[in-house]
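Undergrad: The structure's right below; bear with me while I get my questions together.
The values are calculated or read from the model by the stated rules, or taken from the named source; none is laboratory data. Quick caveat, the model's predicted, so the values are computed rather than measured. In this analysis, Cβ positions are derived from the backbone assuming ideal geometry, glycine residues included, and neighbour counts consider all displayed protein chains.
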Amino acid sequence: MKVSIVYWSGTGNTEAMAAAVAEGAKSAGAEVELLPVSAASADVVDSDVLLMGCPAMGAEELEEG
């Protein structure tokens, strides 16, 4: 199973969580691609599983823009 994890991290916290998820998926036998959003391309949709991560701000509301 191919798992692509695409993330954006301003402070490094989301990147750390994405890496932890990637390690868990690898330990379960998945082929994992871990990418910052700036390096991702449209072919990530061909993965069996696509995970996306972004930081939350304030009262856990997603950042606008």
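Undergrad: Looking at region 49-65 only, could you name the residues that are at negative phi, at pLDDT below 95 and loosely packed, with under 13 Cβ neighbours inside 10 Å? Explain how you work it out, then say what you get.
TA: Kept after step one, since they are at negative phi, are these residues of region 49-65: 49-57, 59, 61-64.
Within this subset, residues satisfying the condition of being at pLDDT below 95 are 54-57, 59, 61-64.
Across region 49-65, the qualifying residues are Ala56, Met57, Ala59, Glu61, Leu62, Glu63, Glu64.
Undergrad: Only residues that are within 14 Å of Met1 (Cβ to Cβ) and surrounded by fewer than 10 Cβ atoms within 10 Å (Cβ to Cβ): list them for region 11-48, please.
TA: Across region 11-48, the qualifying residues are Ser27, Gly29, Asp46.
Undergrad: Those residues that are assigned to a loop (DSSP other than H, G, I, E, B) and within 19 Å of Ala56 (Cα to Cα), I need them from region 1-44; list them, please.
TA: Within region 1-44, Trp8, Ser9, Gly10, Thr11, Gly12 meet the criteria.
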